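Read through the structure below, which is laid out as structure tokens, and then see the notes.
Every number here is computed from the coordinates shown, using simple stated rules; none is lab data. In this text, all values refer to a predicted model and were calculated from it rather than measured experimentally. Counting neighbours? That spans all protein chains shown, and the Cβs are built from the backbone with ideal geometry, glycine included.
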Amino acid sequence: MSDRPYSRKLIIDSIRDYTAQLIEEGLEGLPAPPVVPARPATSAVPTSTPAAAIAPPAGANELSTLYPGLGETADLTALRSFIGQCQRCKLHSGRTHLVFGIGDPRARLMFVGEAPGADEDAQGEPFVGRAGQLLTDIIERGMHLKRSEVYICNVIKCRPPGNRNPESDEVAACQPFLWRQIALVKPEVIVGLGTFAVHALLATKTPIGKLRGHWQRVQGVPMMPTFHPAYLLRNPADKRLVWADIQEVMRALGLDSAGRPSA
């Protein structure tokens, strides 16, 4: 073993990655007395708001009042024009590109992630780095759909510095645009990717490890929470859990194992 000391940055990055992994796996804090087990997940898309005690986020109409005219945008092109070269929060000062979203504007399936990373900021497109390639594999090799057939976006449209988690004021400034994207695309199913996106969509702090596999609803649309592809790059053994979630999504959309409408 080398006697060379580890750099401060390496130690901090390692702690950050390990902490993120624990959060993804459902750690809420220090050990405590046993809690009542969560209700088992259902394999069917709920027809009403789930019984889980998750406070619903503010309504899309309420949020759109922050920006007069937002609710009148007729399509995604108009919405992108409405956002413009956004300077509504401090993230604009460090971005290269605003990362709006990509895919079929009438997609049956929408994927929602956290925020752009370095690759996304450079290219102006969501999920184009290593995590993006894994998401593409899930869509194309797993679901047998084309990436262009789904819609992919993030809660936050500009990259936070150092890929840190977005802050509450940044979410407040950007989230109305996500609600409008959902309203315009009108997906049949949403997949929430990772802790931050799911927490923003549901206005909850319940760990993703407890939420994944359980159908929720976002603006009336069934939403399946699952792990973020970046988490799977660090924890490939959990790909089986994400695949189980994706199979539930396929069943909800009426797709067979080849991505075709089931009989």
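If one computes the Cα centroid of the range 83-130 and of the range 200-263, what distance in Å separates the two points?
About 21 Å separates the Cα centre of the range 83-130 from the one of the range 200-263.
Cut-off is 10 Å between beta-carbons; in what order do Thr206, Thr136 appear when sorted fewest neighbours first? Each step should come with its number before you reach the end.
Details: Thr206 20, Thr136 17.
Least crowded to most crowded, the residues run Thr136, Thr206.
For the pairs Lys146/Lys186; Lys90/Lys210; Lys90/Lys157, flag any whose C-alpha to C-alpha distance is greater than 21 Å. Write down the numbers at each step before the final one.
Numbers: Lys146/Lys186 18 Å; Lys90/Lys210 32 Å; Lys90/Lys157 12 Å.
Correct reply: Lys90/Lys210.
Based only on the alpha carbon positions, what is the Kirkwood hydrodynamic radius of the range 58-252, in angstrom? Mind showing how you got there, number by number?
Details: mean 1/r = 0.0601 Å⁻¹.
The answer is 16.6 Å.
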